[in-house]
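Report on one structure; see the data block that follows.
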Amino acid sequence: MKIQIINGPNLNMLGRREPGIYGSSSFEDYLSGLRAKFPDIEIGYYQSNIEGELIDRMQQVGFGECDGIVLNAGAYTHTSVALQDCIRSLQTPVIEVHISNVHRREEFRHRSMISCACLGVICGFGLDSYRLAVEALKSH
C-alpha cells in the first residue's frame with residue numbers, strides 16, 4: 001500500500017511555529033516514527049506553501065499512483081475552491097487532517113472548503129491525526 005501525505009502552507013514550520021498549538025516536533029521527526037509504525041505501507045511526503053503545487057502533486061498521485069492521500073491543506077482549507085475541485089476529480093480517496101481542533105479556534109477556521117470532497121476529516125489530535133488518517137485509509 002502507498003499513501004501520500006501532503007502538507008500545505010506553513011507546515012514546514014512545525015516545531016517552531018506556535019508550539020502551544022502545533023507542538024514542538026518537526027514533521028520530519030514525526031514522519032520517521034510514522035513510517036516505522038507502518039512498515040508495510042510506503043508513505044510519501046510532500047509539502048508546499050503554494051496552492052498550485054499542492055494541486056499538481058495531488059494530480060500526479062491521485063490516479064492510481066497511491067492508495068490514499070492524507071491532506072493537511074493548512075489555511076487553504078478555508079479558502080480554496082481549487083483544492084476542492086482537484087480532490088473531486090481524483091480516483092484516490094483523500095482524508096483531510098488538522099493538527100489542532102479547528103473548531104476550538106477562530107471562527108474563520110470552522111469552515112472547510114475541502115471537507116465535502118474528502119472521504120473523512122480528522123482534527124484535534126496533534127500530529128497523531130496523521131496516524132489516525134493512515135489507519136483509516138488502511139482499513140478503507
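The values are calculated or read from the model by the stated rules, or taken from the named source; none is laboratory data. Every value quoted in this text rests on a predicted model; they were computed, and no experiment measured them. Calculation scope for accessible area: heavy atoms of the full protein, side chains included, ligands and nucleic acids excluded. Shrake-Rupley method; radii C 1.70, N 1.55, O 1.52, S 1.80 Å.
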Rolling a 1.4 angstrom probe over the protein heavy atoms, how many square angstrom per residue are accessible across the stretch 28-126?
49 Å²
In whole percent, how big is the carbon plus sulfur part of the accessible area of the stretch 1-131, probe 1.4 Å, protein atoms only?
48 percent
Based on the alpha carbons, how large is the Rg to Rh ratio for the chain when Rh follows Kirkwood?
0.93
Check which residues have an amide H placed less than 5 Å from H98's amide H, if you skip close sequence neighbours.
I122, C123, G124
